[in-house]
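The values are calculated or read from the model by the stated rules, or taken from the named source; none is laboratory data. Because the structure is predicted, anything quoted here is derived from the model rather than measured. Cβ: placed from backbone, ideal geometry, glycine included. Neighbour counts: every protein chain shown. With ligands, DNA and RNA removed, areas are computed over all heavy atoms of the protein, side chains included. Shrake-Rupley method; radii C 1.70, N 1.55, O 1.52, S 1.80 Å.
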Amino acid sequence: MTALESSTKVQLGGTRGGPEKPTLRADRWWIQPVVTVSVLTAFVIYSTWAAFQNKYYFVGANVHRDLISPFYSPCIGGSCVPGAKFAFTWSAWTLSPALLILIFPLGFRLTCYYYRRSYYRAFWWSPPACAVADAHGSYSGETRFPLLMQNAHRYFFYFGLIFNGLLTYDAVLAFRQPGDGWGVTVGTIVLVVNATLLWLYSLSCHACRHLCGGQVRSFKAHPIRYRFWKFVTPLNAKHMNFAWASLVFVALTDVYVRLVASGAITDFKLF
Amino acid sequence: MGEVTLRVWRGDASGGDFESYTLEQNEGEVVLDVIHRIQATAAPDLACRWNCKAGKCGSCSAEINGKPRLMCMTRMDTLPEGPVTVTPMKTFPIIRDLVTDVSFNFVQAAKVPALMPPPMPVGGYRMFQEDVERGQEFRKCIECFMCQDVCHVIRDHEDNKAHYAGPRFFIRYAELEMHPLDQNDRRDLIREDMGLGYCNITKCCTEVCPEHIKITDNAIIPLKERIVDAHYDPVAWLGRKIRRKTKTSAADAAIQPAP
């Protein structure tokens, strides 16, 4: 063995100090995993239910509104109601159009670095909290399939940008009140806030930060990319906040459109 | 002020147990002060590492109430009521009491391929402020190794030490990869031999860093994205082929240890 080899060889084993316990933490470390599991499970249950409903996702000209749920936009299925249909439709698809769409935002969030941190901790207990023992006997991280697919995050980010553009277009259309000119309703504000939060979530994404300028070795040599990087870096610091806010608000937006479409509430015109 | 009880792990590789020490609590004390008073009064053979008492040398890392912290920067009055538990860092083999063998980290440090600048141009090397600032954050590391200690990849899976560098060295790799003068391409090395893929970004390293280095956001995730560029992004691959961009191979980089 050469001197270099001996100095770079890791010695495994050795007795560790401290008691053989999963953790010595006495604080309430379990609160964060419990909250994460509760919110994410509630969202998955609600979005699955909403996706299979295939009704009450559009408020149309009959009540002088143009509101569509983000779960159903762009509406490209054959069963889309008139007025909600996108520029092209796939008429052979007769199931809920939401099932065609949700795979992309779902993939974006599932591969998101922040959500990975959250669900690895809360659902997989790997580890449940810092300095609390991993619940698994062996561990290979993201080195093997299927977790190797987390590396596709940037592609879901690209699709996410397309969806953000479409939802922004929906928010602009929400200012239109067919047969009643243009104006601002509660629904308009809901759709605008929803689109804004989704843009903030996407622009604060770690893949976005990397693609904007993080991948270069020298900022001096890439001044425009450096400007982009400097713009998204402060947003990136708040990625967690945008992740939760956009997740909750997209569900609330669907709830609002659903309530208006079903006639349970009226979408008030503000001005 | 009242009294304080410290439950300190006493022992070595042959075994150990907690011993409790109850002392009068003094205003403004940190955990290391109390440990020193225990050494001075009740247990002169109690072993612990310390040096600067200012949170800058990284010597007095331990686990206080189960969480990795610097003993010199943990004020007693910030801890909850009741006995305070002090144990050695769990990830590394124990030497005695609160002292552990952290040589794993020095082995990993020796594996880091050194900076490889181009030949010195006339007038010397020049770096601009925006590029200096980028790596400056990583230079704050005091090598307390608490990020290594809390990382579950090696804390809970000893076998992973053979192929995982750990967060402290990922910030070193990130600093070098982001250095404008460096010509090494360490991405293959980081992926294949340093085990970046084992990190599942649970951010515990960032949580415990006493220098508040954003280890995960500013080092590990950017490295993961660079590895995506190299291995998992067909568009980036095509772009490199079209531009015929070549860099020093990882194999060459790997055989150049730090001086």
> Hey, what did chain A get for relative contact order, percent, Cα under 8 Å, at least 6 apart?
Replying inline: 21 percent
> If amide H atoms are built 1.01 Å from N in the plane of the peptide, which residues on other chains or at least 5 residues away come under 5 Å of the amide H of B:Thr85?
Replying inline: B:Arg7, B:Asn65
> Percent relative contact order of chain B, based on C-alpha pairs within less than 8 angstrom and at least six residues apart?
Replying inline: 18 percent
>> Going Cα to Cα from B:Lys67, which lysines come in below 30 Å? Please leave out same-chain ones fewer than 8 positions away.
In response: A:Lys9, A:Lys21, A:Lys238, B:Lys53, B:Lys56, B:Lys90, B:Lys111, B:Lys140, B:Lys161, B:Lys203, B:Lys214, B:Lys224
> Counting other Cβ atoms within 10 Å of each Cβ, which chymotrypsin sites (Phe, Trp or Tyr not before Pro) in region B:116-166 have at most 13 and sit in a DSSP loop?
Replying inline: B:Tyr125, B:Phe128
> Gap in Å between the Cα centre of region B:62-78 and the Cα centre of region A:108-165?
Replying inline: 30 Å
> Which whole number gives the average count of other chain Cβ atoms within 10 Å of the Cβ atoms across peptide A:232-239?
Replying inline: 1
>> Ranking request for peptides A:262-269, A:235-242, B:60-67: highest mean number of other beta-carbon atoms within 10 Å first, then the rest in descending order.
In response: B:60-67, A:235-242, A:262-269
>> Once neighbouring chains are kept in place and the probe is 1.4 Å, which whole percent of the accessible area of region B:103-243 is contributed by carbon and sulfur?
In response: 56 percent
> Kirkwood Rh, chain A, all Cα pairs: how many Å?
Replying inline: 21.6 Å
>> Given an 8 Å cut-off on Cα distances and at least 6 residues of separation, report the relative contact order of region B:103-243 as a percent.
In response: 27 percent
>> Explain nothing, just compute: Karplus ³J(HN,Hα) = 6.51 cos²θ - 1.76 cosθ + 1.60, θ = phi - 60°, for every residue of region A:96-104 in order, whole Hz, x for Gly and Pro.
In response: 4, x, 4, 5, 6, 9, 5, 4, 6
> Tell me, what % of the accessible area of region A:34-143 is carbon and sulfur with a 1.4 angstrom probe?
Replying inline: 70 percent
> In chain B, which longest range has no trypsin sites (Lys or Arg not before Pro) that are both DSSP loop (not H, G, I, E or B) and surrounded by at most 16 other Cβ atoms within 10 Å?
Replying inline: B:127-243
> At 222 nm, what helix-only mean residue ellipticity would chain B give, in deg cm²/dmol to the nearest 500, using -39500 (n - 2.57) for each DSSP H run of four or more?
Replying inline: -8000 deg cm²/dmol
> Residues of region B:103-243: accessible area per residue at 1.4 Å, in Å²?
Replying inline: 38 Å²
> Accessible area drop of at least 50 Å² (1.4 Å probe, protein heavy atoms): which residues of region B:197-217 qualify, relative to the chain alone?
Replying inline: B:Tyr198, B:Asn200, B:Ile201, B:Thr202
>> Residue by residue through A:108-117, how many Cβ atoms from other chains fall within 10 Å of the Cβ on average?
In response: 2
> Can you give the convex hull volume of the alpha carbon atoms of region B:103-243 per residue, in Å³?
Replying inline: 130 Å³
> Between B:Cys57 and residues 5 or more places away or on another chain, which pairs have amide H atoms under 5 Å apart, with H built 1.01 Å from N, and which residues are they?
Replying inline: B:Cys52
> What quantity of accessible surface, computed with a 1.4 Å probe and excluding non-protein components, is buried in total between chains A and B, in Å² to the nearest 100?
Replying inline: 5200 Å²
> Of B:Val228, B:Val31, B:Val102, which is the most mobile in a GNM of chain B whose springs link Cα atoms less than 10 angstrom apart?
Replying inline: B:Val228
> What are the residues whose amide H is under 5 Å from the amide H of B:Ile95, where those residues sit 5 or more places off or on another chain and H is modelled from the backbone?
Replying inline: B:Thr100, B:Asp101
> Unpartnered cysteines of chain B (Cβ-Cβ under 4.7 Å counts as a partner)?
Replying inline: B:Cys48, B:Cys60, B:Cys72, B:Cys141, B:Cys144, B:Cys151, B:Cys199, B:Cys209
> Does any residue of region B:66-104 lose at least 20 Å² of accessible area with all protein chains in place compared with its chain alone, and if so which ones (probe 1.4 Å)?
Replying inline: B:Gly66, B:Lys67, B:Thr87, B:Lys90, B:Pro93, B:Ile94
